[in-house]
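Report on the following structure.
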Amino acid sequence: MNVVESLKRHARFLAAGLLSFLAILAAMRWSEGEPLAQPSADVGLLIGFVFVAAFFVINDTSGQGGSKAR
C-alpha cells in the first residue's frame, strides 16, 4: 500500500476527527470570548493533524513485507 492509498483508506476517519476537534475548539474559544482563529496556535493544530495522518501511513506502509500479522 502506498501513501495515497493509505490516506484514501483513512480519509473518513481523519476528516471526522478533524472536523469534530475543530467544532469543539471553536465552541470553547467562542464561549470564552476569544477569537476563533488564532494563527500562532492553529499552526500547532495543523502539525498535529499531519502527525496523525503520518502515523496511519507509516502503519499501513510498514506492513508490506508481511512481517506484521493483520
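Brief remarks on what is shown
- Checking each residue in segment 1-58 for being polar (S, T, N, Q), touching a residue at least 12 places away in the same chain (Cβ under 8 Å) and part of a helix (DSSP H, G or I) picks out only S6.
- In segment 1-49, the qualifying residues are those that are among the polar types (S, T, N, Q) and exposed (fewer than 14 other Cβ atoms within 10 Å of the Cβ), and the one that is nearest to S62 (Cα to Cα) is N2.
Values in this text are rule-based calculations from the coordinates and carry no lab data. Remember, predicted model here, so these are calculated numbers, not experimental data. Using ideal geometry, Cβ is built from the backbone for each residue, glycine included, and neighbour counts are taken over all protein chains shown.
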